Amino acid sequence: MQAILPLVYLAAGWLLARSGVDWRSLASRLLSVVVIPTVIVMHVVGTDSRLALVMVSAVVWMLLMLALGSASSRDPVEKLCFGYLNIGWLGLPVAAAALDRSAVGVVTTFYVTSSILGNTLGPAWLRRSAPTAPADRAGSDGSRLARPWRDAARTPSLRALVAGLCLRPLGPWLAQHASWLAHGATFLLGMMILGSWLAHAPLRAADLWRALPRSALRAALSVLVLGTIGAAGALGGAPAMRITPAVVVLLSILPPAANIVVLETAALRTGRSAPLIAAGTVWSLAAIALYMAYAIL
């Protein structure tokens with residue numbers, strides 16, 4: 001049931017939009033400012049300190065994938081779609097169904113890390129591409145390079161990370177009494193917003209064929225990066241960094257995060273990422289079907 005929930009919520013958002021209700025901007029603002037920061041706080045508070053090295057490896061993986069995405073496209077939306085993947089809303093349900101508990105813990109840590117980075121760096125990069133964004137022609141090269149990081153430091157997600165680190169001593173109490181805050185709303189609203197955008201920007205066959213080589217390239221590069229990180233961790237004697245081949249493949253075949261359209265809606269009031277995400281999700285679902293079949297057999 002968990003594996004089909006993304007499609008259920010996607011269809012619900014599509015039907016809502018087709019009925020004439022346009023709630024995308026309000027829902028995106030709610031997710032960006034309230035819901036996602038709350039989820040980040042709760043995950044940081046509850047993260048096992050033994051998985052700190054996994055979190056470091058996830059940071060390296062995502063930053064390298066973003067850099068590789070920059071090499072293949074200068075469009076910030078396409079760049080974000082290349083390096084920010086749908087671990088929380090698609091990867092985790094598949095991991096829970098096909099992998100053991102330790103592997104699910106690794107995938108969860110990758111989700112938390114990618115969520116923090118994606119929701120921190122993503123809005124800063126997207127806002128700088130807006131037509132109304134101030135030009136950075138004045139000033140030194142150093143100041144222009146530092147500007148995206150200063151913008152990222154002002155995002156609610158980075159503040160949520162700091163708050164989560166400060167609240168770690170209260171982790172056991174929060175896990176017992178407030179764990180419900182870290183579930184539900186992000187998954188539900190994010191997929192519904194994506195569905196709403198798809199109602200206004202339908203997926204075409206051309207989008208699917210355009211996404212195929214990019215999805216294959218992303219998967220191949222991700223396997224290479226994650227395989228190298230996992231091998232380095234194993235050789236270095238860090239058990240927590242032993243990223244199994246099953247985890248490597250699962251993370252690498254995931255599509256762009258549905259939350260990218262939320263960030264884009266909040267930052268740019270556009271939805272160009274919707275067909276990119278949807279097309280990547282179609283190819284990813286095909287790959288995941290093969291992955292699940294192999295896991296079952």
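The values are calculated or read from the model by the stated rules, or taken from the named source; none is laboratory data. Nothing here was measured: the structure is a model prediction, and the numbers come from that model. No Cβ is skipped: glycine too gets one built from the backbone with ideal geometry, and neighbour counts run over all protein chains shown.
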Is it true that some residue in region 217-238 is of a type in the set (A, V, I, L, M, F, W, C), more than 20 Å from ALA58 (Cβ to Cβ) and in contact with a Lys or Arg (Cβ under 9 Å, 6 or more places away or on another chain)?
-> no
Output the qualifying pairs, or none if there are none: Cβ atoms under 7 angstrom, residues six or more apart or on different chains, first residue in region 102-115 and in contact (Cβ under 8 Å) with a residue 24 or more places away in the chain, second residue of a type in the set (S, T, N, Q).
-> ALA103/THR244; THR109/THR47; VAL112/THR47
Selected residue (only one of VAL262, VAL249 is of a type in the set (Val, Ile, Thr), part of a helix (DSSP H, G or I) and over 21 Å from LEU10 (Cα atoms)) = VAL249
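Condition check ((1) crowded, with 18+ Cβ neighbours inside 10 Å; (2) modelled with pLDDT of 75 or more; (3) at positive phi) across all residues:
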{"residue": "PRO123", "(1), (2), (3)": "yes, yes, no"}
{"residue": "SER140", "(1), (2), (3)": "no, no, no"}
{"residue": "PRO148", "(1), (2), (3)": "no, no, no"}
{"residue": "SER157", "(1), (2), (3)": "yes, no, no"}
{"residue": "TRP197", "(1), (2), (3)": "yes, yes, no"}
{"residue": "ALA216", "(1), (2), (3)": "no, yes, no"}
{"residue": "VAL223", "(1), (2), (3)": "no, yes, no"}
{"residue": "ALA231", "(1), (2), (3)": "no, yes, no"}
Take region 6-26 and flag every residue that is touching a residue at least 12 places away in the same chain (Cβ under 8 Å), not in a helix (DSSP H, G or I) and not aromatic (Phe, Trp, Tyr).
-> ASP22
Within region 221-232, which residues are of a type in the set (A, V, I, L, M) and within 18 Å of the chain's Cα centre (by Cα)?
-> LEU221, VAL223, VAL225, LEU226
Does region 260-275 contain at least one residue that is farther than 21 Å from ARG210 by Cα, surrounded by 24 or more Cβ atoms within 10 Å (Cβ to Cβ), under 16 Å from the mean Cα position of the chain (by Cα) and not β-branched (Val, Ile, Thr)?
-> yes
Close pairs (6 angstrom Cβ cut-off, 6 or more residues apart or separate chains): assigned to a helix (DSSP H, G or I) in region 71-91, modelled with pLDDT of 85 or more and among the charged types (D, E, K, R) anywhere = PHE82/ARG218
Determine whether ALA67 is at pLDDT below 80 and assigned to a helix (DSSP H, G or I).
-> no
Looking at this structure, is ALA178 surrounded by fewer than 16 Cβ atoms within 10 Å (Cβ to Cβ), at pLDDT below 90 and under 27 Å from VAL8 (Cβ atoms)?
-> yes
